[in-house]
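The values are calculated or read from the model by the stated rules, or taken from the named source; none is laboratory data. These figures come from a predicted structure and were not determined experimentally. Note that each Cβ is placed from the backbone with ideal geometry, even for glycine, and that neighbours are counted across all protein chains shown.
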Amino acid sequence: MSARSEPGLRAPQSRTEDSPAVSSAELHRRRGAAVARGVGSVIDSYVDTASGGTIVDVDGREWIDFAAGIAVTSVGNAAPRVVEAVRAQVERFTHTCFMVAPYESYVAVCEQLNALTPGTFAKRSALFNSGAEAVENAVKIARHATGRQAVVVFEHAYHGRTNLTMALTAKNMPYKHRFGPFAGEIHRVPMSYPLRDGGLSGAQAAARAIELVDKQVGAENVAALLIEPIQGEGGFVVPATGFLPALREWATAAGAVFVADEIQTGFCRTGDWFACDHEGVVPDLVTLAKGIAGGLPLAAVTGRAELMDAVHVGGLGGTYGGNPIACAAALASIATMRELDLAAAARRIGSVLADRLRAIAARDPRIAEVRGRGAMLAVELVRPGGLVPDPAAAGAVSAACHAAGLLTLTCGTYGNVLRFLPPLVISDDELARGLDILDAAFG
């Protein structure tokens, strides 16, 4: 059955006859005169409508969507539950600021997050606007609760674009270049990167990282150990089995707060509600955003009640954090994920994707590895015969996909990884058409 005929999904809505005619070329010209050059885009086409696994641009061209707004529109664009919830909320009120005049939907979102995230202990949540804000507030909470300052992060990590989160992020260009100085007391240690680890097991890679922390930082100084269970912008790096549990065990023994950055991996993307679920790892704090609210800006920190409640009243918040419209969208998105069982959908999509990617890899020596979990998969491209990164090849394949109407993204510290993040409501036909384009792009 096509995803468009399933409950909770809708076809793209076309422009009306009254809509002014506009082209991508004209919009691109206007953009050059109005938008700061530092804001980039993957393609030069401008969106008109989107639904399921497709985007239609203002020129009427259909794109198969393997990006989902960077793992945001997991429930699809303009998902009916989200649309109706947003419409109803806009008609009631658009903003009061929860810190001034609170409302029920903020509380309801926190209740949902406390129930969904790993761990059966008492939890609390606080809502923000973006993933970077969530990460920054998780660090604030960990430092306040422990009275310590050091934060341990990992090679290839990406955690945001604010001053603190740029310090937490590993990659210089384009995220950090000439934007310093950055916040201090950030300490970076090696990640488990199976393709490039020389055969280290998860336990061995964890021991390597822990030894550096113990010797160079001191366990007693660590407020937080912050990690993406599967790295996002860093290349969809999946750590070896046992790496995350060993770090979790060390953090407990050291009295450090274990923070899982599930901003890209959360909300069914990896085939579980959260990527930590795969190995049964229970974080102290979880940072959340992207897929949480069907495309509206919302983020959260959820964690142990004693940590979250350690911060004084007024120490957390923000004018727009937990905006009522975004909260309505989040409640509708979570309901859609449950109704359509999008965790199972992610596993199904991942199985189809992985089979096709492995078939391509079998004939193309540039693909060093197919990796990921659920509907969060990637291929790393190298020069044949070794592991020298080949960002030009990744860029060329992605450009060929764009020319044929498939929206894809690159990532990785070396820029040599093609990543695939289709909406979890993509139909079998849309997925197959996208994979045919990808297959042809590899030649």
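Kindly check whether there is at least one residue in region 62-74 that is closer than 16 Å to residue 326 by Cβ and of a type in the set (Asp, Glu).
No, there is no match, as no residue in region 62-74 is closer than 16 Å to residue 326 by Cβ and of a type in the set (Asp, Glu).
Are there any pairs with C-beta distances below 6 angstrom linking a residue in region 274-285 that is touching a residue at least 60 places away in the same chain (Cβ under 8 Å) and not assigned by TED's automatic domain parsing to the domain that holds residue 242 to a residue that is surrounded by fewer than 18 Cβ atoms within 10 Å (Cβ to Cβ) and part of a helix (DSSP H, G or I), with the two at least 6 apart or on different chains, and if so which?
none
Kindly indicate which of 270, 265, 252, 241 is assigned to a helix (DSSP H, G or I) and not assigned by TED's automatic domain parsing to the domain that holds residue 38.
Answer to the check: 252.
Restricting to region 162-178, what's the tally of residues that are of a type in the set (A, V, I, L, M, F, W, C) and in contact with an Asp or Glu (Cβ under 8 Å, 6 or more places away or on another chain)?
2
Would you say residue 254 is more than 26 Å from residue 199 (Cα to Cα), buried (at least 24 other Cβ atoms within 10 Å of the Cβ) and more than 14 Å from the chain's Cα centre (by Cα)?
Spelling it out, it is not the case that residue 254 is more than 26 Å from residue 199 (Cα to Cα), buried (at least 24 other Cβ atoms within 10 Å of the Cβ) and more than 14 Å from the chain's Cα centre (by Cα).
Pick from region 164-198 the residues that are under 17 Å from residue 380 (Cβ atoms) and not charged (D, E, K, R): which of them is surrounded by the fewest Cβ atoms within 10 Å (Cβ to Cβ)?
Taking the candidates together, the pick is 198.
Could you list, ordered by first residue, the pairs with Cβ atoms under 8 Å in which the first is in region 327-347 and assigned by TED's automatic domain parsing to the domain that holds residue 274 and closer than 21 Å to residue 96 by Cα and the second is of a type in the set (D, E, K, R) and modelled with pLDDT of 95 or more, at least 6 apart or interchain?
332/81; 332/84
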